[in-house]
Amino acid sequence: MAHDARKRTLSTRMSLLDVKTAPYLYIAPFFIVWAITGLFPLLYTAYISTRKWDLLQGDLGPAGLSNFTFVLAQPGFWQALRNTFSIFLLSSVPQIITALFLAAVLDANLRAKTFWRMGVLIPYVVAPVAVSLIFTEIFSDRSGMANALLANIGVSPIGWHADTLPSHLAIATMVNYRWTGYNTLILLAAMQSISTDVIEAAVVDGAVRLKTYWYVILPLLRPTVIFVIITSTIGGLQIFDEPRMFDLTTIGGSNGNFMTVTMYLYNTGWGPQLNMGRASAVAMLLLAVILLVALFNLILSSRISSVDNPSGRHGPGRKTGVR
Amino acid sequence: MTKRRERREHGIRRPGWLTYLVLVVAILIAVYPLYYTFLLSSSSQIEIAKHPIPGLIPQGNLLSNLTRVFHTEGLDFWGAFINSVMVAVIQSASVAIFSTLAGFAFAKLRFHGRRGLLAFIVATMAVPPQLGVVPLFIVMAKLGWTGQLVAVIVPGLVSAFGVFWMTQYLSGALPYELVEAARVDGCSMFASFRHVALPAARPAAAMLFLFTFVTSWTTYFWPSIVLGSQNPTLPVALQLLQTGYAKDMSLIMSGVLLSTLPLLVLFLVVGRQLVSGIMAGAVKG
Amino acid sequence: MRIPRWRVAIAPACALLLIATGCSSNSGSGDATTGGSVNLTVATFNEFGYTDDLFAQFTKTHPNVKITQKKVAQSADAKTNLFTKLAAGSGLSDIEAVDGDWLPQVKQSADKFVNLSSDTTKDRWPDWVVSQATTTSGELLGDATDIGPEATCYRKDLFEKAGLPTDRDGVAQLLSGDWDHYFDVGKQFVSKVPGVGWYDSAGAVFNARVQQLANPFSSTKPTETVIPLDQNTQIKDLYNSTLTASVDNKLSAGLGQWSGDWQKAFQNGAFATMQCPAWMQPIIKTNASGVTSWDIANVFPGGAGNWGGSYLTVPKQGKHTKEAQELAEWLTSPDVQVQIFLSAGNFPASKAGAADSKVLAATNEFFNNAPTGKIFSARAAAVTTQPFKGPNYFTINTVLGEAIGRVDVDKSANAADSWNKAVADAKAQVK
C-alpha cells in the first residue's frame, strides 16, 4: 500500500520532470552545435565592430562607434542597400506570388501530378554557382542569348551588366529561377496538409474557387506563408553569390550598380581595405535591417491573413494556425 | 494514432487544358537552363563563341568533354564524390532529426522561454554569413579539424532554417488535440513524439532532408577554405576545371552537368516517393 | 535551402577575378606527394607547373622531406584563403604562393612571414623584381617565381586587311615608339578596317601605362604618401589620353578583360592587337583556338613593361620554416625555373633563368612558331622599373579601372563624369 503510493508519486514526479525537461532536451542539440558554430562567430563579429581591426594585423585598438558612423556616411553603403532592396523586391515578390499560384494549380486534381510537381522542383537541384554561370552566359551584354533573342525581334541590346535596373532584373531572374519551384512545393505541402473537410465545407457553403482560395486556404497556410516570406527576406537581403558571379572582374559592376550589402561587406573586409572593423559594422547594420524587415513582414502577413478570415465559420483552421 | 486517409486532392473536378498549358510553360522554363547546360557541354569553345543561341540539337562533343573532366590533372572525381555523399547524407539526416525534435517542442509543447528562443533561432538566420568565416576557422583550428571532413560536417549538423521549417509545418499539420490525447493516454514525452509527431512530420522531414542534401551538395566556399584540394568535396574538386584565366565553357558546363547529375538521379528516385509522400502522408486534423 | 548560410555564402567560386597576374598553362599536376618525415605543404593557384617529378628531384637530396601541393584554381580564391588563415592565425601551408598584386597588403603584415633574404638568392633576380617583395626595413618576403614581361600580340590577317606589315620584325618596327605612336597607327588601322578594334580594352592599355610609371599614385618612396586623385595630373592625363584614343577615336573594342564577351571576341576577330605578357600566351591560345593568324612582335609601346608575376612566401605559422625556405629557394632557382618554363610556360623571374639557352630557343607553335623565348627574354631585359606599390595602390588602381570601364565598356558615363566619381570613390576608400 505504502509502496504503491510511493510508486505513484515517483511516477507522477517523473512524469512532471519529463514534461518540464523534455522540450529543452529536444531543442538542446540545436543550441549546442549552434553555440560553437553560430553564437561564437556572432559575438566575435559584434566585438570586432567596435574595434579598429585590420584583417591581417588584427586588433589595433578601440574604435567606439566610429566604424558605424563611417559606414553610414558612405554613399557606397547606401547604394548597396538600395541595390539589395531592389533585387530583393524584384525576386521575392514575383516569386512568392508565382509560387502561390503554381501551388494552387498543382493542388488541383491533376493527371500525372507527380510529374508536374517534380518538374517545377528541377531548378532547385542546380547549384547556385551553376545557375549563376548559366545565366551570366545568357545575359552577356554582347554575346549573350538574351540580347541575341531580343535582336531577332528588333529590340536593341540591353546593358545587362552596365545599367542598374537590367542588372537587377538579370540577378533577380537567377534567384527566381532557382527558388520559385522550391517555394511552390513548400506551399503545396502545406496546402495538402489542410483538411479536405474545411475545403468541402467552404464549397458546400457555395464559395467560388478563387474565394475559397483567398478566404479559406490562404489563412490556413499562414504559418507556411510566414515561413516562406521570412526565409525569402533573409536570403534575399543577404544575396551574394549571384551578383558576385555575375561579373567577376568588378565588385558589383563598374558603377557599383549591382553591388549588394554583403558584397560591400566582403569588399570592405577582404578587399583592398582589409578593414574587418568596418566590415563587422556593416554586418551588424545588415542584421538590424533584416530583423526590421522580417518583423515588418511578420506583422504585415499576420494582418493580411487575419483581416478577412471568417474565423467563426472555419474554427478548426484557427486552432491549427500559428502559435 | 493519427487519423490518416487516402489523400484527396483539393478540387473535385479534373482541371481543364488551360491548367496544363500553364504547367507545360512552367516546366519548359524550369528545364531549359539545364538543357542549355547540356547543349553547351556537348558543344565546343569555338561553337559557343560563334552561336549565342545554341541550336536545340546537342552536338557530338559530350563524351570527349566529360573525358576531359575526368582526366583533369589532380582532379579525383570519385574521391570527391564519396566525400560529398558522406557530408550530404550525414548532414541531411542530422538536420532532419534534430529539426523535427526541436520543431515539435516549439510547435506543440509549452515551456518557459519558448517564444523567445524560437524568435532567437529565426534571428540567427539573419546574421550575415560572410563574417563567420574567420571566427569559425579559429574554432576548427582549435579543435584540430582543419583539412578533415568533420570540419565541414559539424557546422551543418543543425540548421536554424530546419527548426523554423518544422515548427511552422507542425504547428499547422499537427492538432493540439492529438498531442494532448497522447499525454492523457499516459505516453511519455518521447513516446508522444514518436507516435504522434513523427508520423505527422514525416513528409516535411523528408522535404527537409532533400533540401539539406542539395545545400550540402552544392556548398562551395567553406569546404574550399577548410578542406582545400587534398580532400575535397565535389564543388571544390571541380573548380580545378577553371585553372588559369582562359575558361572553356564547354568544359566547365560538363563539370556542372557531372555535379548536377547525381542530384537529378537522387531526385528522380527519392523525389518521386517524396513528392507523392507529401501528398499521401499529409495528416488531416 | 533559401538561406545562404555562411557556408554557402562567399563563393566567388568559378571564374576569374582580378586583373591580376599569374601563370597559366595546360600541363602540370595536382597533389603531389613524396616520402619522408618533414611534411611540407606548398599552396599554389592557377598553374605553377609544380609536379611530382619536380618535387622528387628535391626529395632525392632531402630524403627526410615529404612535399604536398595544395592547388586552388583561381587567384582570387587563393587570396581569400591566404588572408582568412592569416587572420585566424593558423591553417596556412608551409609555402604560400602570392600574387605580386597582393604583396603590398602582405608587406603590411611582414611580421607574419619569414624574412627570406639569404646569400643563396643574392643577385638571383633583377632589382625591380626584388624590390616588389622587400619591406621598407629591408626584409625579403617572397622568392620570385615568374614575371610577366610584355610584348605585343597581333593578328596577321587583320593587319593585312589594313595594309600594314604582317611579319614580326616589320610590326616591331612599325609599333616602336611611345603610346601616341601606337594610337596613331591604330587610327590608320580603324580607318581601313572599320568596326574592328585596334586593341581589346582601354583598361588593359591604361593598366600597361600605369605599370610604366615609377610613382603613379603616391609621391615618395619608401613610405606611401598618396597623391589625391584630383591633384594627380600625371594620372589624369594618362586617363584622358587613353579614353580619347579608345572611345573618341574608336581604337578600343570596348571589352572588359576576362569577361565572357571578351573571351568570345577572340573567335570573332574583334580586335587586332593586345598587350601581351608572357603568361597571356596560353590564354589567347585557348580563347582563340582554331584561329591561325595570331603572332607576337618584340615591341611594346613606351619601351617596356611588366604585368604580374608571383612569389613564394614562408609564413611563420609553419612548423618547418627552415626547410620551407630551402624548398622555396630551390623552386625559384634558375635551373628549376627553366624546367618549369619548358613544361608550363611560366617565364623565369631569375636573371640566369631568363637568359638560359633553352629558354632562348623556345618557340610557340600557336603564334606561327614565333621565337617567344627570345622575344620575352628581350622584353624582360628591357624592364627597368615597376611602380611603387604602397598599401593603397590596389585600391586606387581598382577605382580607376572601374572609371575606365564605365566609359569604355559600359558606355554609362562620359570621361569627365567618370573621373569625378573615381575621385570621390578614391577619397572614400584610401586609408
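Read the figures in this text as sums done on the coordinates, not as results from a lab. Computed from a predicted model, the values in this text were never measured in an experiment. Backbone-built Cβ (ideal geometry, glycine too); neighbour counts: all protein chains shown.
Run the helix sum for chain A: -39,500 (n - 2.57) per DSSP H stretch of 4+ residues, divided by residue count, reported at 222 nm to the nearest 500 deg cm²/dmol.
Numbers: 14 runs with 218 residues, N = 323.
Computed mean residue ellipticity for chain A: -22500 deg cm²/dmol.
Taking every eigenvalue of the Cα gyration tensor of chain A, multiplying by 5 and rooting it, what semi-axes result, largest first, whole Å? Don't skip to the answer; put the middle values down first.
Values: eigenvalues 342, 233, 60 Å².
Over the Cα atoms of chain A, the semi-axes work out to 41, 34, 17 Å.
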Value of [θ]222 nm, deg cm²/dmol, for chain B, DSSP H segments ≥ 4, -39500 (n - 2.57) each, nearest 500: -21500 deg cm²/dmol
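Which order do C:S252, A:S66 fall in if you start with the one that has the fewest other Cβ atoms within 10 Å?
Details: C:S252 27, A:S66 14.
The most exposed by this proxy come first: A:S66, C:S252.
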Karplus (6.51, -1.76, 1.60) ³J(HN,Hα), θ = phi - 60°, over segment C:250-259, in Hz, Gly and Pro reported as x: 6, 7, 8, 7, x, 10, x, 4, 6, 6
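Between B:V265 and B:L143, how high is the FRET efficiency from 1/(1 + (r/R0)^6) when r is the Cβ-Cβ distance and R₀ = 35 Å? Nearest 0.05. Mind dumping the intermediate values first?
Details: r = 35 Å, r/R0 = 0.99.
The computed FRET efficiency comes out at 0.50.
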Virtual spin-label span in nm between A:S66 and A:W214, 7 Å along Cα→Cβ: 5.8
Spin-label pair B:I53/A:T12, simplified geometry with 7 Å Cα→Cβ offset, distance in nm: 8.1
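Can you pick out the pairs among C:K389/C:K421; C:K236/C:K427; C:K112/C:K374; B:K247/C:K427; A:K52/C:K70; C:K187/C:K351 whose Cα atoms lie more than 27 Å from each other?
C:K112/C:K374; B:K247/C:K427; A:K52/C:K70; C:K187/C:K351
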Built amide H within the under 5 Å cut-off of C:A272, gap 5+: C:G197, C:W198, C:Y199
Estimated FRET transfer efficiency when R0 is 22 angstrom, pair C:W128-C:D335 (beta carbons, to 0.05): 0.50
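Per DSSP helix of 4 or more residues, -39500 (n - 2.57); summed, then divided by the residues of chain C. What does that give at 222 nm, rounded to the nearest 500?
Working: 19 runs with 171 residues, N = 431.
So the helix-based figure for chain C works out to -11000 deg cm²/dmol.
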Pairwise FRET efficiency - C:L213 versus C:A428, Cβ, R0 = 25 Å, nearest 0.05: 0.60
Amide H contacts under 5 Å for C:F347, placed H, 5+ residues apart: C:I147
Note, ³J(HN,Hα) from phi for segment C:127-136, Karplus 6.51, -1.76, 1.60, rounded to Hz, x at Gly and Pro: 4, 5, 6, 5, 5, 4, 9, 9, 7, 4
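With helices defined as uninterrupted DSSP H runs, which ones in chain B have an alpha carbon span along their own long axis of at least 27 Å and mean Kyte-Doolittle hydropathy of at least -0.5?
On the way: long enough: B:17-41 (35 Å, 1.96); B:77-108 (45 Å, 1.44); B:198-218 (29 Å, 1.11); B:249-281 (43 Å, 1.80).
Within chain B the helices that satisfy the rule are B:17-41, B:77-108, B:198-218, B:249-281.
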Footprinting exposure proxy for B:V31, B:V236, C:V210 (fewest neighbouring C-beta atoms within 10 Å first): B:V31, C:V210, B:V236
Inter-part distance where segment C:326-364 and segment A:227-265 are each reduced to a Cα centre, Å: 43
Burial ordering of A:I194, A:I186, fewest other beta-carbon atoms within 10 Å first: A:I194, A:I186
Projected label distance in nm at A:I97 and B:R68, using a 7 Å step from Cα toward the beta-carbon: 4.3
Candidate aspartates and glutamates - alpha carbon under 16 Å from C:K122, same-chain residues fewer than 8 apart omitted: C:E139, C:D143, C:E326, C:E329, C:D335
Residue-wise HN-Hα coupling along segment A:141-149, computed from phi with Karplus coefficients 6.51, -1.76, 1.60 (Hz; x: Gly, Pro): 4, 10, 10, x, 5, 4, 5, 5, 5
Residues with amide H under 5 Å from that of C:N39, placed H, sequence gap 5 or more: C:K66
Residue-count net charge about C:S252 - beta-carbon cut-off 9 Å; Lys, Arg +1, Asp, Glu -1: -1
Extension gain (nm, one decimal) between C:Q234 and C:D52, 0.36 nm per residue minus Cα-Cα: 60.7 nm
